[in-house]
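Have a look at the structure below before the remarks.
The values are calculated or read from the model by the stated rules, or taken from the named source; none is laboratory data. Quick caveat: nothing in here was measured; it's all calculated off a predicted structure. As a convention, Cβ positions derive from the backbone with ideal geometry for all residues, glycine included, and neighbour counts pool all protein chains shown.
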C-alpha cells in the first residue's frame with residue numbers, strides 16, 4: 001500500500017499544532033464575549049434631553065452613581081454630585097467633565113448632614129427635576145450611624161427617606177419630576193424586623209443589607225401613594241450584579257473570589273447604571289409610578305415588597321426615627 005505524501009503529513013501536523021488550538025481559543029473567547037454581553041443586561045435607549053433640568057445623584061463619586069451622573073450631564077442637566085467624600089466627588093466631577101457639575105457634601109449616615117445638604121439645595125436651586133437615591137453600604141460589620149441606627153438601614157434607607165421628604169416641596173414645584181431609588185434583587189431575601197429595625201439582637205451583614213433594600217422598595221410604594229396627583233413619580237430598581245467597590249467590606253478571601261468571577265458574570269458600572277438612567281429619563285414611564293424595574297423593564301417585586309400595610313408601617317416608623325412630621329396631602 002502506497003503511503004501518504006509527506007506534504008500531506010506536514011499539513012495535518014500543522015493543523016493539529018496550530019489551527020485546532022487557535023480555533024478552540026477563538027471559540028472560547030467568542031463564548032465568553034456572548035456570555036458577558038448576556039449578563040450586561042438591558043440598556044436605556046431614550047434620547048431624552050435634560051437641558052435646564054436639575055438632578056441630584058447620591059453616591060456619585062464612584063460606580064453606577066458616577067456613570068449615572070455622567071450620562072445625565074451629557075443630556076444637558078445640571079448635576080449635583082452628593083458625596084460623603086468631597087475630594088473624591090471633585091475628582092469624579094473632573095473626570096465627568098463639563099461646567100454644569102456641582103459637588104456637595106452629603107453623609108447619609110448623619111441626619112444632621114442630610115438636613116444641611118437639603119437646606120443648601122433648597123436655598124440655592126429654583127427647581128429639582130430628578131432625585132436619584134443611589135448611595136449605599138453593603139455587607140459591612142455591625143456598626144451604628146451618628147444617630148445610633150444600624151449602619152446599613154440608617155444609610156441605605158433612613159438617610160434617603162429623610163432627604164427625599166425634605167426635598168419634596170421643591171420637586172412638586174418642579175413637576176413633572178422623578179425620584180429613583182436604587183434597591184437590589186436582594187430585597188427578595190429581605191424581612192422587615194419591625195420589632196427591631198436596628199437588628200441589635202439578630203444582626204448579620206447579609207440580613208441587614210437585605211432588610212435595607214426591601215425598605216427601599218416599600219418606601220417607593222408608599223411614596224407613590226402619597227404623591228398621587230402631584231406630578232412627582234417614583235421608581236425602585238435592581239441595577240444588576242455590578243462590579244464596583246461596594247464589596248470592600250467582605251473578608252479578603254471572599255472579596256478576591258468575587259472580583260475574579262465579576263469580570264465575566266458581573267456588569268460593569270456603565271451597564272449597571274442603565275436601569276437607573278432608564279427610570280430617570282424614559283418617556284414611556286411618565287404615567288407609571290411606584291413600580292420596580294430590572295434590566296430597563298418593569299418586573300414584579302417580591303410579595304413582601306408589595307405589602308401595603310408594611311409600606312405604611314415602615315413610613316410611620318421611619319418618620320418617627322428621623323423626627324419628621326409628614327402629613328398626607
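Kindly indicate whether residue 140 is under 26 Å from residue 205 (Cβ atoms), surrounded by fewer than 18 Cβ atoms within 10 Å (Cβ to Cβ) and within 18 Å of the chain's Cα centre (by Cα).
For residue 140, the condition - under 26 Å from residue 205 (Cβ atoms), surrounded by fewer than 18 Cβ atoms within 10 Å (Cβ to Cβ) and within 18 Å of the chain's Cα centre (by Cα) - is met.
Check 307, 316, 325 and return the single one that is modelled with pLDDT under 95 and either more than 20 Å from the chain's Cα centre (by Cα) or farther than 22 Å from residue 72 by Cα (or both). It would help to see each step written out before you state the result.
Numbers: 307 fails: modelled with pLDDT under 95; 316 fails: modelled with pLDDT under 95.
Of 307, 316, 325, the one residue that is modelled with pLDDT under 95 and either more than 20 Å from the chain's Cα centre (by Cα) or farther than 22 Å from residue 72 by Cα (or both) is 325.
Considering the stretch 169-181 alone, what residues qualify as being farther than 20 Å from residue 292 by Cβ, touching a helix residue (DSSP H, G or I) at 6+ places or on another chain (Cβ under 9 Å) and crowded, with 18+ Cβ neighbours inside 10 Å?
170, 171
Out of the strands (runs of 3 or more DSSP E) lying entirely within the stretch 90-200, which hold 2 or more residues that are in the same structural domain as residue 224 (by TED's automatic domain parsing), closer than 18 Å to residue 55 by Cβ and without any contact (Cβ under 8 Å) to a residue 40 or more places away in the chain?
Numbers: elements: 101-105, 130-133, 177-182.
By residue number, 101-105.
Yes or no, residue by residue, for (1) exposed (fewer than 10 other Cβ atoms within 10 Å of the Cβ); (2) at pLDDT 65 or above:
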residue	(1), (2)
15	no, no
22	no, no
40	no, no
47	yes, yes
58	no, yes
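Any residue at all in the stretch 124-132 that is surrounded by fewer than 17 Cβ atoms within 10 Å (Cβ to Cβ) and under 21 Å from the mean Cα position of the chain (by Cα)?
The answer is no, given that none of the residues of the stretch 124-132 is surrounded by fewer than 17 Cβ atoms within 10 Å (Cβ to Cβ) and under 21 Å from the mean Cα position of the chain (by Cα).
I'm told residue 160 meets every condition in (1) touching a strand residue (DSSP E or B) at 6+ places or on another chain (Cβ under 7 Å); (2) over 19 Å from residue 291 (Cβ atoms) except one. Can you identify the failing condition by its number?
Of everything listed in (1) touching a strand residue (DSSP E or B) at 6+ places or on another chain (Cβ under 7 Å); (2) over 19 Å from residue 291 (Cβ atoms), residue 160 misses just condition (2).
Output the residues belonging to the stretch 187-202 that are within 20 Å of the chain's Cα centre (by Cα) and buried (at least 21 other Cβ atoms within 10 Å of the Cβ).
Passing the criteria: 187, 190.
Determine, yes or no, whether residue 80 is crowded, with 16+ Cβ neighbours inside 10 Å, touching a helix residue (DSSP H, G or I) at 6+ places or on another chain (Cβ under 8 Å) and more than 30 Å from residue 205 (Cβ to Cβ).
yes
Does the stretch 97-123 hold any residues that are crowded, with 17+ Cβ neighbours inside 10 Å and out of contact with any strand residue (DSSP E or B) (no Cβ under 8 Å at 6 or more places or on another chain), and which are they?
Matches in the stretch 97-123: 107, 109, 110, 111, 114, 118.
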